[in-house]
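Take a look at the structure below.
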Amino acid sequence: HLYRWVWRAGSEDRIDQWLDYVRDRFGTVPDPVAGVALRARINTLAGNCGIEDAVITSRSASLVFAPGRAPSVKRCSSLAGGDWGVATDGTGRVILSSSSGKANAGQRISAVLEVLRIFTNYFIGKET
């Protein structure tokens with residue numbers, strides 16, 4: 001039940017609350033548990049902005065919008081910034097990708113979280 005809760009959190013605040021609960025109950029959060037929270041955070045943010053797939057490897061990262069869910073390619077490029085490439089595939093998906101060989105895993109994850117927060121804020125602003 002503990003992991004199910006974090007996967008259903010729905011917001012970064014709820015994930016932070018879950019981490020606080022784990023810390024209060026068990027002490028220091030082990031790396032594998034922190035990894036689950038990080039993946040839940042990426043999944044939550046991606047879902048907030050219509051991204052159906054987020055892949056992060058040691059050398060690259062890609063975020064794939066579900067068909068019809070992405071802003072225009074020009075807007076995606078503007079929002080994501082110069083470190084991200086933007087392309088479309090034949091199915092209408094917009095794909096953001098970054099492949100800086102100089103970034104370590106932590107920097108790549110931070111960059112993914114940053115761009116996911118930017119797109120989440122963009123979509124929240126569109127709803128108001």
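The values are calculated or read from the model by the stated rules, or taken from the named source; none is laboratory data. From a predicted model like this one, the values you see are computed outputs, not experimental measurements. Cβ sites come from the backbone with ideal geometry, for glycine too, and all protein chains shown count toward neighbours. Just so you know, the surface numbers come from the protein's heavy atoms only, side chains and all, with ligands and any DNA or RNA stripped out. Shrake-Rupley method; radii C 1.70, N 1.55, O 1.52, S 1.80 Å.
Descriptive notes on the structure:
- Taking the numbered list (1) open to solvent by 50 Å² or more (accessible area, probe 1.4 Å); (2) over 25 Å from Ile15 (Cα atoms); (3) at pLDDT 95 or above in turn, Ser100 passes all entries but (3).
- Near pairs, Cβ below 8 angstrom, 6+ apart or cross-chain, from segment 11-38 (closer than 29 Å to Asn121 by Cβ) to any residue that is of a type in the set (D, E, K, R) and assigned to a helix (DSSP H, G or I): Glu12/Arg41; Ile15/Arg41; Val29/Arg23
- Pick from segment 39-69, criterion polar (S, T, N, Q) and under 8 Å from the mean Cα position of the chain (by Cα), ranking: least open to solvent (accessible area, probe 1.4 Å): Thr44
- Residue match in segment 71-93 (condition: touching a Gly at 6+ places or on another chain (Cβ under 8 Å) and surrounded by 14 or more Cβ atoms within 10 Å (Cβ to Cβ)): no
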